[in-house]
Each structure stands twice: as C-alpha cells, then as structure tokens.
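*Asks:* Can you keep this structure in mind? I'll have questions shortly.
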Amino acid sequence: LPCGISTFRTSHFNNIFENVRVSKGSLNDFKIALIIEGLNSKLSFINCQFDGGTPGTTNMSNWHNVQIKGYLNNGQFLNPSGINFLNSTFQNSDYGIHIDFADNVTIDNCWFEDLGVGITVLGDTFVSKGINITNNRFANVAGYAATTPRGGGVVKDNGTCITVRNAFVNVFGNHSLAGGSICSSCSFMYVFENNVGGVNQWGNSSPDGALV
C-alpha cells in the first residue's frame, strides 16, 4: 500500500481486510510481508496472519513482517493514520510490526509468536502519536525467548516484546510468555531516547519476571 510511486499522496482510505494470510516467502532476504506508507488512513486488518519464516518450525526470517512508515515531503506530513490490527497473528521473524511516524495505530487482541522484537514504535522521521498496544499475547518473543532461531533469524540478544523511541504509546493488558529461559539482555519493553514522547502502561502480565 505505497500511496503513489514517489509522492506518497495517493491514499488508500477506509478499507477492511479480513481473513487474509501473507507470507514473506524468504528466510534470508530483507523482505516485508506488508508495507503501509504515506497517506494511508482508516485501514483495518481483522483476523489476518503475517508470517516470516515457517510456522511451527524454528525457521525464522530477517527483517519486519509489517512496516508502517510516514514521510516528510517538501514540508508536508505524509503519514499513515487510523490503522487497526485486530485479532491477527504475527510470527516467525526478527521483527513483527515496525512503526516509524504514524498516528492512531491500534494493535488489539493479537498474537505475536517466535519473534526477536514484537513491536517497534519509532519517531525517527517525526514523532508517532496515539499508538495503542492492548490485550495482546506475546509467546516466545523478546529474542525468540526459549526458541533458537534458524534460517534468517538473528535477533537473539537485546530482544523485546515492545521497543519505543520518540513516540506516544499506550500499553495496556498485554500478556507475555517466554516458555523457558530468555537472554539476560531481553525484556518486555525497552524505552530509550523518548525525549518527545511518553508511555502509559498498566495491567501487563507475565509469569516470567524479565518480561513484565
């Protein structure tokens, strides 16, 4: 969903995608299953699945399963807004969802499994705002937790369920489960250089002490 070849102004607006499965199809190439960039607005993905490597195995893929990206073009803000992922699955990759410069993104009641980093929210291009991460389940996320990745997967150390920089993020009611020992440098959430953002969090749970 690129919103035009170079200007990112031709928007996709008010679309619903339901029961769609997308696979990256490659372990080692830096490919992305879904890219949402530019002036995309009011897009909902319901009961969808975004696969990196091979589900049910330890074959993981490089890079992101989903990328949501905004741009500054000649002084104009051209960024996705009103993007919703509901009851969807993200699995078998170094990174599940990667966000840089977006507004009002909701990720609710989704399943994240076998990932180096579950969700990354950045404001590198411009601050991300209104990012809601609620009621999700993270299994073998944060450096793949107890899973040893094969194939393209390389993010074993310093993995997280959620990473935030320069963004306003709400993190409520999520549950993380490692299924075994995790690396000492991994954690549930890592917030760094958040000089122009803020994080609200409550009600997140895990039986693994390092993942709360």
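*Asks:* Sort out which residues of the stretch 108-152 are of a type outside the set (Phe, Trp, Tyr), open to solvent by 40 Å² or more (accessible area, probe 1.4 Å) and assigned to a loop (DSSP other than H, G, I, E, B), and write them in order of number.
*Replies:* 109, 124, 125, 135, 146, 148
*Asks:* Name the pairs: first residue in the stretch 30-41 and at positive phi, second residue open to solvent by 30 Å² or more (accessible area, probe 1.4 Å) and at pLDDT 90 or above, Cβ to Cβ under 7 Å, at least 6 apart or on different chains?
*Replies:* Going by the 7 Å Cβ cut-off, the qualifying pairs are 38/71.
*Asks:* Within the stretch 153-191, can you find the residues that are in a loop (DSSP other than H, G, I, E, B), farther than 21 Å from residue 92 by Cα and either within 17 Å of the chain's Cα centre (by Cα) or modelled with pLDDT of 95 or more (or both)?
*Replies:* If the condition is that a residue be in a loop (DSSP other than H, G, I, E, B), farther than 21 Å from residue 92 by Cα and either within 17 Å of the chain's Cα centre (by Cα) or modelled with pLDDT of 95 or more (or both), then 166, 173 are the ones that fit.
*Asks:* Okay, next question. Out of the residues in the stretch 12-27 that are in a loop (DSSP other than H, G, I, E, B) and either free of Cβ contacts under 8 Å to residues at least 12 places away in the same chain or among the hydroxyl-bearing types (Ser, Thr, Tyr) (or both), which is surrounded by the fewest Cβ atoms within 10 Å (Cβ to Cβ)? Can you show your working first?
*Replies:* From the stretch 12-27, those in a loop (DSSP other than H, G, I, E, B) are 12, 19-20, 24-27; that's our starting set.
The next check asks that each one be either free of Cβ contacts under 8 Å to residues at least 12 places away in the same chain or among the hydroxyl-bearing types (Ser, Thr, Tyr) (or both); those that pass are 25-26.
Working: 25: 12, 26: 15.
Per the criteria, the residue is 25.
*Asks:* Residue by residue through the stretch 28-50, note down the ones that are in a loop (DSSP other than H, G, I, E, B), open to solvent by less than 50 Å² (accessible area, probe 1.4 Å) and of a type in the set (A, V, I, L, M).
*Replies:* Result: 32, 33.
*Asks:* So is residue 108 at pLDDT 95 or above, more than 22 Å from residue 139 (Cβ to Cβ) and charged (D, E, K, R) or not? Please lay out each step first, then the result.
*Replies:* Working: at pLDDT 95 or above: yes; more than 22 Å from residue 139 (Cβ to Cβ): no; charged (D, E, K, R): yes.
No: the conditions fail for residue 108.
The values are calculated or read from the model by the stated rules, or taken from the named source; none is laboratory data. In this text, all values refer to a predicted model and were calculated from it rather than measured experimentally. Backbone-built Cβ (ideal geometry, glycine too); neighbour counts: all protein chains shown. Areas reflect the complete protein model, heavy atoms only, side chains present, ligands, DNA and RNA absent. Shrake-Rupley method; radii C 1.70, N 1.55, O 1.52, S 1.80 Å.
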